[in-house]
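Asks: Pasting in a structure now, in structure tokens, and then I'll have a few things to ask.
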Amino acid sequence: MQILLTIAYDGTNYAGWQRQKNAMAVQEKIEESLSNLLGRPAILTAASRTDAGVHALGQRASFFAEDLRVPLGKLPVVLNGLLPSDISIQAAEAVPDGFNPRFDAKYKTYSYNIYNAPCPNPLLGQRSAFVPQSLNLADMQKTARTFVGRHDFAAFCATGSSAKTTVREVFACDVEKQPGGMGNSGGLITLTITGNGFLYNMVRIIAGTVIYAGMGKIPPESLYQIINSADRTRAGKTMPPQGLVLVEVGYIGYNSHMTV
């Protein structure tokens, strides 16, 4: 039986999702807990390899277990009792043996949080990027919506990517100011983007480009030119990982819990 987990974690203390030789990763912590529960080594296959410092609300990862010692419905509670407090299993469900969390994903949703105020908020330091400059929310929203569609996102891909193609489709992209902000340009601003897949650091570069538009450094109407140029130097900077959250990984056609 293959079991799919929905996982939330605070990535502050981890070197990313993927198991590494010289640093602690989220995958390693969960595999250790699963191995203790099963009495044998367990290997997770994940939907996304989040970087160091990146958080998740809806990471998905699967493993095989013919000898599960607890009822499937109780698995999250049991595993959470073995895991550190910054990792939490939100759900567990059976999926077909041929299911692959990465390649069967139909969409992924990320959010990027920006704390826009004159002074930093220590409580949001590991949950957002601090931007003290005044931001024009309307220009940020206009720029974000321009990303929607099927494009070559080479200008929004960091070096080191192993992707065979830089073409991706963005289904939705928008910017919202969260309640409780300070004035027109202050408070927490969230970029939310959904697509069929993302290149290396693509969301963080898109966030940097949207922020530059809010600062007046990049005119919103020039975004199509930047996309068509495939020139990384024309887009915004790569924002730090702390503001990034993997919100959801969506699937279609396996069961009600996984259906869009």
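Asks: Structure shown: which of Lys29/Lys108; Lys177/Lys217; Lys21/Lys106 lie over 29 Å apart, alpha-carbon to alpha-carbon?
Replies: Working: Lys29/Lys108 23 Å; Lys177/Lys217 20 Å; Lys21/Lys106 31 Å.
Distance filter (> 29 Å) returns Lys21/Lys106.
Asks: Keeping every protein chain in place, order Leu37, Leu123 by accessible area at 1.4 Å, biggest value first, i.e. largest first.
Replies: Leu123, Leu37
Asks: Pop a pseudo-label 7 angstrom from the Cα along the beta-carbon direction at both Asn100 and Thr12 and give the gap in nm to one decimal.
Replies: 3.6
Asks: Starting from the Kirkwood radius over alpha-carbon pairs of region 1-63, derive D by Stokes-Einstein at 4 °C in a medium of 1.567 mPa s and give it in µm² s⁻¹.
Replies: After rounding, the answer is 110 µm²/s.
Asks: Hey, another quick one. If each residue of separation counts as 0.36 nm, what is the full-extension length gain between Thr233 and Met215 once their alpha-carbon separation is subtracted?
Replies: 4.8 nm
Asks: Can you give me the pair-distance distribution of region 201-246, C-alpha pairs, 10 Å bins, whole percents?
Replies: 29, 55, 16
Asks: Turning to a different aspect of this structure: Calculate log10 I(q)/I(0) of region 54-131 for q = 0.10, 0.13 Å⁻¹, where I(q) comes from the Debye formula with a single equal point scatterer on each Cα and nothing for solvent.
Replies: Once normalised to I(0) and log-transformed, intensities are -0.40, -0.62.
Asks: Continuing with this model, one more query. Keeping the other protein chains in place, figure out the carbon and sulfur percent of the accessible area of the chain, with a 1.4 Å probe.
Replies: Whole-percent figure for carbon plus sulfur exposure: 51.
Asks: Enter the Cα centre distance for the pair region 49-65 and region 126-172, rounded to the nearest angstrom.
Replies: Spelled out, the Cα-based centre of one part sits 21 Å from the other.
Asks: Could you work out [θ]222 nm for the chain from helices alone, using -39500 (n - 2.57) per DSSP H run of at least four and dividing by all its residues? Round to the nearest 500 deg cm²/dmol.
Replies: -5500 deg cm²/dmol
Asks: Ok, one more. Non-local amide H neighbours of Tyr107 (under 5 Å, H modeled in plane, Pro and chain starts lacking H): which ones?
Replies: Gly250
Asks: Run the reach check for Lys142 against aspartates and glutamates, Cα to Cα strictly under 17 Å, same-chain hits fewer than 8 apart removed. What comes back?
Replies: Filter leaves Asp174, Glu176, Glu221.
Asks: Also, quick follow-up: If one computes P(r) from the Cα atoms of the chain, what percent of pairs lie at distances over 25 Å?
Replies: In whole percent, the long-distance tail amounts to 47.
Asks: Could you please report the charge total around Ala61, scoring K, R as +1 and D, E as -1 over all other residues with beta-carbon less than 10 angstrom from its beta-carbon?
Replies: +1
Asks: Once amide H atoms are built 1.01 Å from N in the peptide plane, which residues 5 or more positions from Gln59, or in another chain, come under 5 Å H to H?
Replies: For Gln59, the qualifying residues are Ile7.
Asks: Compute the long axis of helix 202-215 from its Cα atoms, compare it with the longest principal axis of the Cα atoms of the chain, and write down the angle in degrees, 0 to 90, nearest 10.
Replies: The angle comes out at about 30 degrees.
Asks: Another question about this same structure. With label points built 7 Å along Cα→Cβ from the Cα atoms of Leu72 and Glu32, find their separation and express it in nm.
Replies: Calculated label separation equals 2.9 nm.
Asks: With a 1.4 Å probe and every protein chain left in place, tell me how much accessible area Lys106 has, in Å² to the nearest 10.
Replies: Probe radius 1.4 Å; accessible area of Lys106 about 100 Å².
Asks: Roughly what % of Cα-Cα distances in region 95-207 sit above 17 Å, to the whole percent?
Replies: Values: 3790 of 6328 pairs.
Percent of Cα pairs beyond 17 Å in region 95-207: 60.
Asks: What accessible area per residue, rounded to a whole number of Å², is obtained for region 5-102 using a probe radius of 1.4 Å?
Replies: 46
The values are calculated or read from the model by the stated rules, or taken from the named source; none is laboratory data. Small disclaimer: the values here were computed from a predicted structure and weren't measured. Backbone-built Cβ (ideal geometry, glycine too); neighbour counts: all protein chains shown. These area figures cover heavy atoms from the full protein model, side chains too; ligands, DNA and RNA do not enter into them. Shrake-Rupley method; radii C 1.70, N 1.55, O 1.52, S 1.80 Å.
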